[in-house]
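The values are calculated or read from the model by the stated rules, or taken from the named source; none is laboratory data. Source: prediction; values computed, not measured. Neighbour counts run over all protein chains shown; Cβ positions are idealised from the backbone, glycine included. These area figures cover heavy atoms from the full protein model, side chains too; ligands, DNA and RNA do not enter into them. Shrake-Rupley method; radii C 1.70, N 1.55, O 1.52, S 1.80 Å.
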Amino acid sequence: MELNFEEIFENTSDLNPLKMSFIQDTGYFKDFVLLLCDISKRMTEEDTKDLLFNKLQLNRNTFNENQYYQSATELCVIYHVFRLNEENFSYEKVVRDDVDQKRGKQPECTTKTEEGFVFNVEAKSPERSKNQTLKTGINTIFVANIGRADTKDAAESQFNMLKNDLESCNDNLKVLSRKSDDNKLKDYLYSAGEKFPPIANENEVNVLFVSLDTICEIQGYVNFLFFNKGLFTKSPFADIEKYTNVDMVIFTNSYYRQKNHDNINGCAWWLNDGFNFLTFNPHADFKRKEKALSYFASNISNFNKQIECYRVPATPETPQDLLDSFRISSFVKQKLEEQDNIFLFQKK
């Protein structure tokens with residue numbers, strides 16, 4: 001499929017990030033073209049047109065920001081999976097025998113590696129209002145409710161304890177509260193569960209990617225899984241049976257890197273240039289799939305082991321569960337950025 005981007009951009013909204021990058025001659029558009037040349041080899045012409053002209057809104061004089069960034073982050077995930085083994089890569093393929101071959105009930109993509117591992121992958125990113133994106137500086141952290149507290153007073157008490165302890169032990173650190181999005185994550189798990197095979201063999205793994213903004217948002221979503229009736233706890237607030245076939249959930253900062261592509265290190269389209277945090281569903285049969293899961297985990301950059309060993313600076317009286325609920329945010333701010341000079345979000 002031949003594309004004349006000069007002609008396409010003549011009819012594209014000036015707000016479209018790809019058009020802006022094309023005009024400014026920056027790497028964001030150039031990297032996208034390289035990605036497109038690769039991935040379109042395994043997509044039909046109809047799918048390629050749908051990606052470009054509907055999802056990414058090229059050749060369109062209107063612009064929907066939510067739709068663009070949701071599509072762009074999905075594409076980042078798809079490209080990552082594509083690079084595992086492009087010869088056995090399938091785009092938007094139905095993988096359940098009990099689902100009709102029609103759009104809406106298939107994951108983003110599927111691939112089979114040379115080692116015989118099959119990965120079915122779904123990607124999600126929250127829809128946002130204009131004022132929803134949180135602006136965090138080096139010394140500002142937003143914290144949502146840690147799981148589901150029994151009462152509003154309990155939630156406030158929990159937050160205030162965490163805020164006081166962390167601010168007292170970290171000079172210039174500001175801890176602020178934010179709204180919980182745990183129902184969104186529940187919906188993503190339910191939706192992925194409907195698209196993934198209900199029972200998979202030990203070499204087949206179902207992976208849900210959730211593309212997020214700041215490290216504080218990533219921390220909040222991880223907490224929705226593991227704290228106070230979280231989705232991966234023994235007594236979650238949701239129906240376990242609807243997501244037992246989701247083996248792994250990976251949180252990325254792909255939304256942040258897409259939205260701020262002109263102020264990041266590395267490439268906005270490559271997940272391995274960003275921050276990724278891997279979680280495993282205890283309600284799934286993940287132990288039987290250990291080899292396949294380990295293979296997938298080894299092919300995406302992450303700091304899971306380092307975060308597990310990291311000690312959050314706090315007073316000795318601070319409860320361990322509160323420290324754990326803040327571990328990822330603290331690791332990125334205090335360890336990666338301040339100590340190691342590694343910036344996976346904004347440039348220094």
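Can we say R288 is modelled with pLDDT under 95 and more than 20 Å from I218 (Cα to Cα)? Walk me through how you get there before you give the answer.
Values: modelled with pLDDT under 95: yes; more than 20 Å from I218 (Cα to Cα): yes.
Yes: the conditions hold for R288.
Hey, among N263, N228, N245, which residue is under 20 Å from F286 (Cα atoms) and open to solvent by 10 Å² or more (accessible area, probe 1.4 Å)?
That would be N245, the only listed residue that is under 20 Å from F286 (Cα atoms) and open to solvent by 10 Å² or more (accessible area, probe 1.4 Å).
Which of the following residues is open to solvent by 10 Å² or more (accessible area, probe 1.4 Å) and under 28 Å from L35 (Cβ atoms): S254, S301? Walk me through how you get there before you give the answer.
Working: S254 fails: open to solvent by 10 Å² or more (accessible area, probe 1.4 Å).
From the options S254, S301, the qualifying one is S301.
Sort out for me the helices (runs of 4 or more DSSP H) sitting completely within region 1-117 that have 1 or more residues that are farther than 18 Å from F196 by Cα and among the aromatic types (F, W, Y).
Working: elements: 5-10, 17-24, 27-39, 45-49, 65-82.
It comes to 5-10, 17-24, 27-39, 65-82.
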Just one of S13, S71 is surrounded by 13 or more Cβ atoms within 10 Å (Cβ to Cβ), closer than 26 Å to L208 by Cα and not acidic (D, E); which is it? S71
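Counting only residues that are open to solvent by 20 Å² or more (accessible area, probe 1.4 Å) and touching a helix residue (DSSP H, G or I) at 6+ places or on another chain (Cβ under 6 Å), how many does region 266-276 have? Talk me through it step by step, then tell me what you get.
In the first step, residues of region 266-276 are kept if they are open to solvent by 20 Å² or more (accessible area, probe 1.4 Å); the result is 266, 270, 272-273.
Adding the requirement that they be touching a helix residue (DSSP H, G or I) at 6+ places or on another chain (Cβ under 6 Å) leaves 266.
Looking only at that region, the number is 1.
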Report, by residue number, each residue of region 15-33 that is without any contact (Cβ under 8 Å) to a residue 40 or more places away in the chain and over 22 Å from the mean Cα position of the chain (by Cα). K19, M20, F22, I23, Q24, D25, K30, V33
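Mind listing just one residue for me: the one in region 278-292 that is open to solvent by less than 20 Å² (accessible area, probe 1.4 Å) and either without any contact (Cβ under 8 Å) to a residue 12 or more places away in the chain or under 17 Å from the mean Cα position of the chain (by Cα) (or both) and, of those, farthest from F343 (Cα to Cα)? Can you show your working first?
First pass over region 278-292, keeping only residues open to solvent by less than 20 Å² (accessible area, probe 1.4 Å): 278-279, 281, 284, 289, 292.
The next check asks that each one be either without any contact (Cβ under 8 Å) to a residue 12 or more places away in the chain or under 17 Å from the mean Cα position of the chain (by Cα) (or both); those that pass are 278-279, 281.
On the way: L278: 19, T279: 22, N281: 29 Å.
Ranking the candidates gives N281 first.
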Of the residues in region 57-73, those that are touching a helix residue (DSSP H, G or I) at 6+ places or on another chain (Cβ under 8 Å) and charged (D, E, K, R) number 1
Please verify whether region 217-228 includes one or more residues that are without any contact (Cβ under 8 Å) to a residue 60 or more places away in the chain and outside any helix (DSSP H, G or I). no
Could you grab me the full set of residues in region 16-29 that are buried (at least 16 other Cβ atoms within 10 Å of the Cβ) and among the hydroxyl-bearing types (S, T, Y)? S21, Y28
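For the structure I just gave you, tell me whether F53 is within 22 Å of T252 (Cβ to Cβ) and touching a helix residue (DSSP H, G or I) at 6+ places or on another chain (Cβ under 9 Å). Lay out the reasoning, then the answer.
Numbers: within 22 Å of T252 (Cβ to Cβ): no; touching a helix residue (DSSP H, G or I) at 6+ places or on another chain (Cβ under 9 Å): yes.
Here the answer is no, as F53 does not meet what is asked.
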Inspect all residues belonging to region 339-346 and state whether any of them is surrounded by fewer than 18 Cβ atoms within 10 Å (Cβ to Cβ), more than 20 Å from the chain's Cα centre (by Cα) and outside any helix (DSSP H, G or I). yes
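So is S330 over 30 Å from E115 (Cα atoms) and small (G, A, S) or not? Lay out the reasoning, then the answer.
On the way: over 30 Å from E115 (Cα atoms): yes; small (G, A, S): yes.
In short, yes.
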Of I141, I215, I146, the only residue that is touching a strand residue (DSSP E or B) at 6+ places or on another chain (Cβ under 9 Å), at pLDDT below 65 and surrounded by 23 or more Cβ atoms within 10 Å (Cβ to Cβ) is I141
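Please enumerate the residues belonging to region 183-202 that are among the polar types (S, T, N, Q), part of a helix (DSSP H, G or I) and open to solvent by 40 Å² or more (accessible area, probe 1.4 Å).
Going residue by residue through region 183-202, those that are among the polar types (S, T, N, Q) are 183, 191, 201.
Those left that are additionally part of a helix (DSSP H, G or I): 183, 191.
N183 - this is the single residue of region 183-202 that is among the polar types (S, T, N, Q), part of a helix (DSSP H, G or I) and open to solvent by 40 Å² or more (accessible area, probe 1.4 Å).
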Looking at the structure I just gave you, is K41 open to solvent by 60 Å² or more (accessible area, probe 1.4 Å), touching a strand residue (DSSP E or B) at 6+ places or on another chain (Cβ under 7 Å) and more than 28 Å from R128 (Cα to Cα)? no
